[in-house]
Amino acid sequence: MQVERATNRGVRLRNRSALLTRLFLDGPLTRQDLCRSTGLSQPAVSNVVGDLIEDGLVAEAGALESEGGRPSMMLRVAPRFGAVAGVDVGETRVRVELFDLAMSQLASVDHPIDPAGSSPEAVVRHIHAGLRTVTAGCAPGHVLGVGVGVSGIVQQCPGGAVVHAQTLGWDAVPLEALLRAGTGLALHIDNGAKTLGQAEMWFGAGRGRRNAVFALVGSGIGAAVVTNGATYRGASSSAGEWGHTTLVYGGRACRCGSRGCLEAYVGAEGVLDRYRQGRAGRAAPGADEESQIAALVAAASAEPAARAVLDDTADYLGAGVANLINLFNPELVVLGGWAAVALAGLLPRVRESARRHALRQPYSQVSIEMGRLGVDAVALGAATLPVARLLSEGGARP
């Protein structure tokens, strides 16, 4: 009898998870839609939906017009059931955002980072301060969790996530333990390129695709590789360190300590350094990398040095994309991150460079597109980490 009860609980949990997932990703949907998309019977769907509505997880979203008979009621995940926070730990700023369960932004705050002061302790202080700001009006228990997207390799260890970010000088930083000391919220930590990829898969350019690569172009360079609908992580979750693949043997020095890495040519720091060299040591105007890249783009229409740097950047980036195409045979490559957004005008030349460097057959099957979620993609994707836990556990609060 105990085994039977346990089995029934397991089936009910799976059914709740399946229905919640479909409603979150594809809703609003009718009960009939849920039957078709999950394969569950109508009585099973009705019973589980009734429980979810009673629990406050699912809400009615209006009636679907009908040519005859009773109109079908549309259902969706209740936006106000809870909130989730997403954190983007970039190299120039920490961005903290709060979302409801419709993934509508409720609050946002940025904390600029001093390039000389991106120590783990400083970053943790910024995250704690940001969380206090965006959750200030939330009732106890309303925030379901915090997702954090961070540069580097994120290793899931028994004591919590540990971050290895060689370019930041972070060596086995126990980021989750440091964050846990200042908040009681449930924490979920992953690489920023991977959170960007999840956001684009769920809400953006990757919807409906099964094999795609999501490239994050910012101060640094990373990628998330999705194969058959799942993120490929490798043996210790370091898969996707695309920025530290060798583009030019013995080439420009990279922050990681090697030479010739893609990041040294396409990352914002490398782009600005090449521009500075092309102008006899004069840096681009601006207080930070983002304003300097904007100034470079603005100068390109009248200044040959700026135009040459941007053309070379597009060619280098296209060659890097070609490597992704040859290695992973994706149906889609998406370019995201704040620098990619700023350099979006280079996309035609990036495509042409990728065409020249990739094998013809895999190139003929791929689309190269800009991301659709803008500069908030990493934080939005990070916020999906606690949502994914909620869906997988059938709506149970942490």
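The values are calculated or read from the model by the stated rules, or taken from the named source; none is laboratory data. Remember, predicted model here, so these are calculated numbers, not experimental data. Reconstructed Cβ throughout: ideal geometry from the backbone, glycine too, with neighbour counts over all protein chains shown. Protein only, heavy atoms only, side chains kept; ligands, DNA and RNA dropped before computing areas. Shrake-Rupley method; radii C 1.70, N 1.55, O 1.52, S 1.80 Å.
Can you say what percent of the DSSP beta bridges in the chain, counting only those with both residues inside, are antiparallel? Round to 5.
Of all bridge pairs located within the chain, approximately 65 percent are antiparallel.
At a 1.4 Å probe radius, carbon and sulfur cover how many percent of the accessible area of the chain?
51 percent
Taking K and R as +1 and D and E as -1, what net charge do the other residues with C-beta under 13 Å from the C-beta of residue 239 add up to?
Value of the local net charge: 0.
How big is D, in µm² s⁻¹, for segment 240-398 by Stokes-Einstein at 4 °C and 1.567 mPa s if Rh is the Kirkwood radius over C-alpha pairs?
75 µm²/s
For the chain, what does -39500 (n - 2.57) per DSSP helix run (n ≥ 4), summed and divided by total residues, give at 222 nm, in deg cm²/dmol to the nearest 500? Could you put the intermediate results ahead of the total?
Working: 14 runs with 167 residues, N = 398.
Helices in the chain give a 222 nm mean residue ellipticity of -13000 deg cm²/dmol.
Helix 289-299: angle to the longest alpha-carbon principal axis of the chain, degrees 0 to 90, nearest 10?
With both axes taken from Cα atoms, the answer is about 60 degrees.
How big is Rg to Rh over segment 104-171, alpha-carbon atoms, Rh as the Kirkwood inverse-mean-distance radius?
Over the Cα atoms of segment 104-171, Rg/Rh equals 1.00.
In nanometres, what is the gap between the two model label sites at residue 396 and residue 258, each 7 Å from Cα along Cα-to-Cβ?
About 4.2 nm separates the two model spin labels.
Loop by DSSP (not H, G, I, E, B), at most 13 other beta-carbon atoms within 10 Å: where is the longest site-free stretch of the chain for GluC sites (Glu not before Pro)?
Segment 68-398 is the longest.
What does the charge add up to near residue 310, with Lys and Arg as +1, Asp and Glu as -1, over the other residues with Cβ less than 11 Å from its Cβ? It would help to have the intermediate numbers written out before the result.
Details: positive: 274, 307, 349; negative: 303, 311, 312, 315.
That works out to -1.
Excluding residue 138 itself, calculate the net charge of residues whose Cβ lies under 12 Å from the Cβ of residue 138, where each Lys or Arg counts +1 and each Asp or Glu counts -1.
+1
Using only Cα atoms, tell me the angle between helix 377-392 and the longest principal axis of the chain; keep it within 0 to 90° and round to the nearest 10.
Helix 377-392 sits roughly 30 degrees off the main axis of the chain.
Quick check for you: with a 1.4 Å probe and neighbouring chains kept, what is the accessible area per residue of segment 235-301, in Å²?
Averaged over the residues of segment 235-301, the accessible area is 46 Å².
Over the Cα atoms of the chain, what Rg and Dmax result, in angstrom?
Cα-based Rg and Dmax for the chain come out at 22.9, 81 Å.
Which percent, nearest 5, of DSSP beta bridges in segment 51-210 are antiparallel? Walk me through the numbers before you get to the answer.
Values: 26 of 38 bridges.
Within segment 51-210, antiparallel bridges account for around 70 percent of the total.
So if I take the centroid of the Cα atoms in segment 172-193 and the same for segment 204-254, what is the distance between those two points in Å?
After rounding, the separation between the Cα centres reads 22 Å.
Where does segment 167-231 land on the Kirkwood hydrodynamic radius, alpha-carbon pairs, in angstrom?
Kirkwood hydrodynamic radius for segment 167-231: 13.6 Å.
Helix 42-54 versus the longest principal axis of the chain: what is the Cα-based angle in degrees, 0 to 90, to the nearest 10?
Once rounded, the angle reads 80 degrees.
Take the alpha carbon atoms of segment 177-286, find their radius of gyration, then divide it by 2.2 N^0.38 Å using N residues; give the quotient.
1.32
Report the Stokes-Einstein translational diffusion coefficient (µm² s⁻¹, integer) for segment 78-135, Rh taken as the Kirkwood radius over Cα pairs, at 25 °C with viscosity 0.890 mPa s.
Rounded to a whole number, D works out at 208 µm²/s.
May I ask for the longest run of the chain untouched by trypsin sites (Lys or Arg not before Pro) that are loop-located per DSSP and have at most 12 neighbouring C-beta atoms (other than their own) within 10 Å? Mind showing how you got there, number by number?
On the way: sites that count: 207, 282.
Excluding the exposed sites themselves, the longest stretch runs over 1-206.
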